[in-house]
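To keep things clear, I will list the structure first and then write my remarks on it.
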Amino acid sequence: MTVSVHDVAARLVELQLDQYGKGEGLAVMSSSKLHKLSYLCQAYHLAWHGEPLFTEEICAANSGPVVMELFPYQEGGHSIESWPVGDAGKLSKAQNATVRALFDFHSYDSGLQLGRWTSTHIPWLRAREKMANPDDRQVISRDDMGAYYRALMDAPSTPKEYAARFMDRYTELGVKL
């Protein structure tokens, strides 16, 4: 079942506060980090489960991926201490696992770092290529997100692994060197 980005945002903010309560991290999450983590949660949920995590679209803004529906609820702008809408309890076990995994992996990254990083990824770049005006916000394709992050997970991590993966293919094809 697909949930709202507000349900995901509520869970992300909850995780941030839990981390702070354990004496780790900050008591607030930046709005930029919330947008980028929402994007990554959506992208990896698509890659891992083949279905969207939430229904709202994600746009390729200058600063990286953003979810337009989050902007009206960013109390006071840049530092988020709570999420006034959404229900973290609506997330299924699999959805919660996706959100937790992405939060845990990126919990100490800033919104700026995540924006710079996600802006080098193919889904964001493809959306930006389609824009007529640099200040437009083009929707990032869910198909691109799922395929790209699935490919990242499948990519060999070393040159030796890369060569080993393709060596058999070239041998089977009888490629003469």
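The values are calculated or read from the model by the stated rules, or taken from the named source; none is laboratory data. Being a predicted model, the structure only gives us computed values, none of them experimental. Every residue, glycine among them, receives a Cβ derived from its backbone with ideal geometry; neighbour counts consider all protein chains shown. Side chains included, ligands, DNA and RNA excluded: accessible areas come from the protein's heavy atoms. Shrake-Rupley method; radii C 1.70, N 1.55, O 1.52, S 1.80 Å.
Report, to the nearest whole %, how much of the accessible area of the chain belongs to carbon and sulfur atoms, 1.4 Å probe, protein only.
Of all accessible area on the chain, carbon and sulfur atoms account for 54 percent.
Based on the alpha-carbon gyration tensor of the range 36-85 and its eigenvalue square roots a ≥ b ≥ c, which shape applies: rounded if a/c is under 1.5, prolate if not and a/b is larger than b/c, or oblate?
Cα axes put the range 36-85 in the prolate bin.
Under the rule of at least 5 residues apart or a separate chain, name every residue whose amide H is placed under 5 Å from the amide H of GLN138.
Correct list: ALA60.
What net charge is computed for the residues neighbouring TRP117, neighbours being all others with C-beta under 9 Å from the C-beta of TRP117, Lys and Arg scored +1, Asp and Glu -1?
Local charge sum for TRP117: +1.
Can you bin the range 70-160 into rounded, prolate or oblate? Criterion: square roots of the alpha carbon gyration tensor eigenvalues sorted a ≥ b ≥ c, rounded for a/c under 1.5, prolate for a/b above b/c, oblate for the rest.
Oblate is the answer for the range 70-160, as a/c is 1.5 or above yet b/c matches or exceeds a/b.
If R0 is 30 Å, what FRET efficiency do you get for THR158 and ALA94 from their C-beta distance, rounded to 0.05?
Given R0 = 30 Å and the Cβ-Cβ separation, E is 0.50.
Label-point separation (nm) for GLU81 and PHE105, each offset 7 Å from Cα along Cα-to-Cβ?
Here the answer is 3.2 nm between the modelled labels.
Placing +1 at every Lys and Arg Cβ and -1 at every Asp and Glu Cβ, with all other atoms neutral, what dipole size does the chain have around its Cα centre, in debye to the nearest 20?
Working: 18 positive and 22 negative charges, 115 e Å.
For the chain, the charge dipole is close to 560 debye.
Quick check: the distance between the Cα centres of the range 115-152 and the range 85-100, to the nearest angstrom?
24
Among all the aspartates and glutamates, which ones have a C-alpha under 14 Å from LYS130's C-alpha, if same-chain residues fewer than 8 places away are not counted?
Within the straight-line cut-off, LYS130 pairs with ASP144.
By the scheme Lys and Arg +1, Asp and Glu -1, what is the net charge of all other residues having a beta-carbon under 9 Å from that of GLU69?
-2
Which entry is the computed Cα extents along the principal axes in Å for this structure: [x] 63, 34, 26; [y] 45, 34, 32; [z] 64, 43, 30?
So the structure-derived entry is [z].
Could you give the length gained by full extension between ARG142 and SER63, i.e. 0.36 nm per residue of separation minus their alpha carbon distance, to one decimal place?
Details: separation 79, 0.36 × 79 = 28.44 nm, distance 1.90 nm.
Result for the pair: 26.5 nm of gain on full extension.
Once the piece of chain linking TRP117 and GLU129 is laid out straight, how much longer is it, given 0.36 nm per residue of separation minus the C-alpha distance between them?
2.6 nm
Would you work out the charge dipole size for the range 92-177 about its Cα centre, treating the Cβ of every Lys and Arg as +1 and the Cβ of every Asp and Glu as -1, and quote it to the nearest 20 debye?
Charge dipole of the range 92-177: 80 debye, to the nearest 20.
Where only protein heavy atoms count, and the probe is 1.4 Å, what is the accessible area per residue for the range 104-169 in Å²?
69
Out of ALA60, MET153, GLN42, whose Cα points farthest toward the positive end of the dipole of the chain (charges: +1 Lys, Arg; -1 Asp, Glu; placed on Cβ)?
Working it through, the farthest residue towards the positive pole turns out to be MET153.
Name the residue from ILE122, GLN95, TRP83 whose Cα lies farthest towards the positive end of the charge dipole of the chain, charges +1 on Cβ of Lys and Arg and -1 on Cβ of Asp and Glu.
ILE122
Given the options THR98, THR55, THR118, which has the most mean-square fluctuation in a GNM of the chain, springs set between C-alpha atoms less than 10 angstrom apart?
THR55
Just to be sure I understand the model, the point goes 7 Å from the Cα along the line to the Cβ. What's the resulting HIS49 to ARG165 distance in nm?
Each label point lies 7 Å from its Cα, and together they span 2.6 nm.
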